Structures are given as structure tokens and as C-alpha cells.
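Below: the structure, in C-alpha cells.
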Amino acid sequence: MKMSDTREIKADRATVWAALLSPEVLKECVPGAQEVTGTPEDGFEATVTQKVGPVKATFNGTVTLTEMIEPESLTLSGEGKGGAAGYAKGSADVRLEESGTGTTLSYDVEARVGGKLAQLGSRIVDGFAKRMADQFFTRLQEVIDGPSEDDPEPEAEKKGWLKRLIS
């Protein structure tokens, strides 16, 4: 499964770059993440619980950052094993470009699954992979930008914490 999209983030490239390298931000952005530890140089260890169709599993895996050209582009690659549920692998090529209102983040994602997950059928798995990528980059945008005007108040307080931390 392959997909591409673009996000407009209201922050400079250096801020977006720093967010992509932060284990705290990754934990906040990866749907179902229970723990993310490590460094950009050595890679990150992650524990993620997800439900794909009728299969719910906890995946233990790694995320590595390669092809890093600061602050322009990088590749995030991940692999997780979910026991009897199978495995998931994926990568995202991320590009950052200055724009009039901040940074344009473009990404190309490729995802693969095996084991029980692969038996669910491509429609369910493809929909899940697309939803995971959308949620990750939407959360990244929210963490950096802060709340939008139509956000409910309690949730709005959590968003934008990275920008407040850096300011």
C-alpha cells in the first residue's frame, strides 16, 4: 500500500524538524503508542497497541531515521511484531519546504503487513494503513500548531505544547 499527502504547518522548518526527531512527539503522534524511547541516531523502540478489523494486538518494534538532510528531508522506517497477529512494516519519506505561512510537510508512505493481519484482506488493511498515516501527520500538525478554532477546550490545552515549550 502506498499513499502520499501534504500538510501545511504553521511553524518554521527547524521546529518541525525538531518535532520529528523527538521521542515525546512521536509517542504523542503515533496512534496507540504506549511507549517510545531512544534517539534519532540510534533509532527508537516503540510499543503500540492497535485494532485492525477484528484483530487487536500489541506491537513491539523499532523506528529508524535515515537519509536525513537537516532540515529538508528524512525517511522514517518502522517494523513491529504483534505475536500471533503478525507483523507490520512501513516507511515514510518526509520532505519539509518553507512556505508563506510556515512549513509544507509532504510525505510518501509505504506499508506492508503479514501473518493474521494479511489475511484480513487488502481493503481493511489498506484503509487501516491510510488512517494510521493520516492520524500520525494530523497529530503532528496539532502538536506543533496548537488548537484550531473548532477544537473543544479540554483537548485544545494538550495541543500546541511543543510550540509553547520551544517559545
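FYI, it's all coordinate maths here, none of it is from the lab. Note that the structure is predicted; figures quoted are calculated from it, not measured. Positions of Cβ are backbone-derived with ideal geometry, glycine not excepted, and every protein chain shown enters the neighbour counts.
Odds and ends about this structure:
- Of 138, 29, 86, farthest towards positive along the dipole that unit charges on Lys, Arg, Asp, Glu beta carbons give region 2-166: 86
- Per-residue Cβ neighbour counts within 10 Å put 9, 144, 69 in the sequence 69, 9, 144, beginning with the fewest.
- Rounded to the nearest 20, the Cβ-based charge dipole of the chain about its Cα centre (Lys and Arg +1, Asp and Glu -1) stands at 900 debye.
- Around the Cα centre of region 4-77, unit charges on the Cβ atoms of Lys, Arg, Asp and Glu (plus for the first two, minus for the last two) sum to a dipole of about 440 debye.
- Net charge in the neighbourhood of residue 84 (other residues with Cβ under 15 Å of its Cβ; Lys, Arg +1, Asp, Glu -1) is +4.
- Of all stretches in the chain that contain no GluC sites (Glu not before Pro) in a DSSP loop with at most 15 other Cβ atoms within 10 Å, the longest one is 73-148.
- Relative to the longest principal axis of the Cα atoms of the chain, helix 122-145 runs at roughly 20 degrees.
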